[in-house]
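Here is the structure we will look at.
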Amino acid sequence: MSDQVLNQVLIAIIAIIVAPFIGGLLAGIDRKLTARLQGRYGPPILQPFYDFFKLLGKSKIATTRTQFIWLISYLVFMITCLVFLVLQQDLLLLVFLLGFAGISFVLAGFSTKSPYSHFGANRELMQILSYEPILLLFALAVYAQNGSFMISTIMENSTPLLASLWPVFIAVLVALTIKMRKSPFDIATSHHGHQELVKGIMTEISGPYYALVTLTEWYELVLVLGLIALFWSNPLWVGILIALAAFILELLIDNINARLTGGLMVRICWAAALVLCVLNILYIYFMRGVA
Amino acid sequence: MGIIQKSQIKSPWILHFCNSSCNGCDIEVLACLTPLYDVERFGLVNMGNPKHADVLVVTGPVNYRTARVLKNLYNQIPDPKMVIAVGACASTGGVFHNCYNILGGVDKVLPVDVYVPGCAARPEAIIDGVVLALQKLSKAVGVAK
């Protein structure tokens, strides 16, 4: 029994250490691939790590101390979510924790007096409004299919979720675009030096605090790609390949799309993705009723 | 030589500020970001936010209105930071020298690290200027030579 506990603690620690490296590398691939798609040579693959360490070395300009606390809680909740995933715990609880992580980031934006930061935080709230129901319905669809919210049940199941939940998969891809802050849904803040509303929710976050947010975003990327890998969890390498393919697809979508307005984002997410999820869940229950 | 010092010269994020320039140099600064010159291969990113920037790139002569803004922007950039004056006007005042509303070059207001002459400064010269600034920064943080 204690061996098992030790094993789980070890898995969690390895995941916490390895995830930022994977996330940083993926971010580097993102920047390189985006540059190539735009006909540029692009920065080295390790560029996100240079940026990260440079930001750590900058002097601290904190506008409020509250902001720092919310940023820390954003990081801690994200790490907790990742631990939930690798230890194959409850999917529903994971989604709720992810929601609270997002809210912490919004509160970090609201804790300063800068109007740009407030604009960004409002837009981040709109993004949460768009993707949170999708993730919640994803968890419910898994329950409808497997009769359990546990990720361990998904891992044991030999038939992949993708076979019966492919409409939910499409909806989760939309959520991935929002979570990665990519066009057309990068309305709160964006990468690659785009400038709109100064820097959105990131406006007042600078130096080491920016590095903290970067770290959290790497954890977030690994977590969301991990959730996508669950769609083909047996064998897991197929799922990981699907997640990487989804990542590349997002980069392509990012480069061929302009930014949408916030209202349009909510409408598209609710009208298309949410309906797909609901129809999928209803279909599963209907087929069970027939059989 | 720590990893932070090494990273500092590999990821300079620039903030571009136009004083009262004729916009000739501004177009050349933006030309550096195009696929032809692509400064992002050196890790340079054009930031719109002084709080995220490392290098302040200033074009045009300083007048009485922009001096206050320039100082404000400079103070918002976290240390370590560099200032590059791009173009003849930013370096000395150029053709606007001794105008009734002009203070002169950027060095009348801020400590300038690198001067990039030219009217307008060519993109190659601007990239040279940024590289020079990075060498200066690396000496300041104790990485190099």
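Numerical summary
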{"quantity": "The lone exception for A:ARG181 - which of (1) part of a helix (DSSP H, G or I); (2) free of Cβ contacts under 8 Å to residues at least 60 places away in the same chain it fails", "calculated": "(1)"}
{"quantity": "Residue ID - surrounded by the most Cβ atoms within 10 Å (Cβ to Cβ), chosen from residues in segment A:53-89 that are of a type in the set (Gly, Ala, Ser) and in a helix (DSSP H, G or I)", "calculated": "A:GLY57"}
{"quantity": "Hits in segment A:101-115 - residues which are over 14 Å from A:ILE69 (Cβ atoms) and surrounded by fewer than 19 Cβ atoms within 10 Å (Cβ to Cβ)", "calculated": "A:LYS113, A:SER114, A:PRO115"}
{"quantity": "Output for segment A:18-52, where each listed residue is outside any helix (DSSP H, G or I) and charged (D, E, K, R)", "calculated": "A:ARG40"}
{"quantity": "Qualifying residue in segment A:133-141 (condition: within 24 Å of A:MET265 (Cα to Cα) and within 14 Å of chain B (Cβ to nearest Cβ))", "calculated": "no"}
{"quantity": "Residue, farthest from A:LEU221 (Cα to Cα), within segment A:48-74, restricted to residues that are more than 7 Å from chain B (Cβ to nearest Cβ) and free of Cβ contacts under 8 Å to residues at least 40 places away in the same chain", "calculated": "A:ARG65"}
{"quantity": "Enumeration of residues in segment A:242-265 that are assigned to a helix (DSSP H, G or I) and more than 17 Å from the chain's Cα centre (by Cα)", "calculated": "A:LEU252, A:ASN255, A:ILE256, A:GLY262, A:GLY263, A:LEU264"}
{"quantity": "Yes/no for A:ALA245 being away from every other protein chain (no Cβ under 14 Å) and either without any contact (Cβ under 8 Å) to a residue 24 or more places away in the chain or surrounded by fewer than 23 Cβ atoms within 10 Å (Cβ to Cβ) (or both)", "calculated": "yes"}
{"quantity": "Hits in segment B:100-132 - residues which are closer than 22 Å to B:LEU33 by Cα, part of a helix (DSSP H, G or I) and not hydrophobic (A, V, I, L, M, F, W, C)", "calculated": "B:PRO123, B:GLU124, B:ASP128, B:GLY129"}
{"quantity": "Residue tally, condition more than 15 Å from B:VAL116 (Cα to Cα) and surrounded by 21 or more Cβ atoms within 10 Å (Cβ to Cβ), over segment B:51-65", "calculated": "5"}
{"quantity": "Sole residue being surrounded by 18 or more Cβ atoms within 10 Å (Cβ to Cβ), more than 7 Å from every other protein chain (Cβ to nearest Cβ) and assigned to a helix (DSSP H, G or I), chosen from B:GLU40, B:GLU28", "calculated": "B:GLU28"}
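Any read-out appearing in this document is the output of simple, stated calculations on the displayed coordinates, not a laboratory observation. Keep in mind that what you see is a predicted model, and the values were worked out from it rather than measured. As a convention, Cβ positions derive from the backbone with ideal geometry for all residues, glycine included, and neighbour counts pool all protein chains shown.
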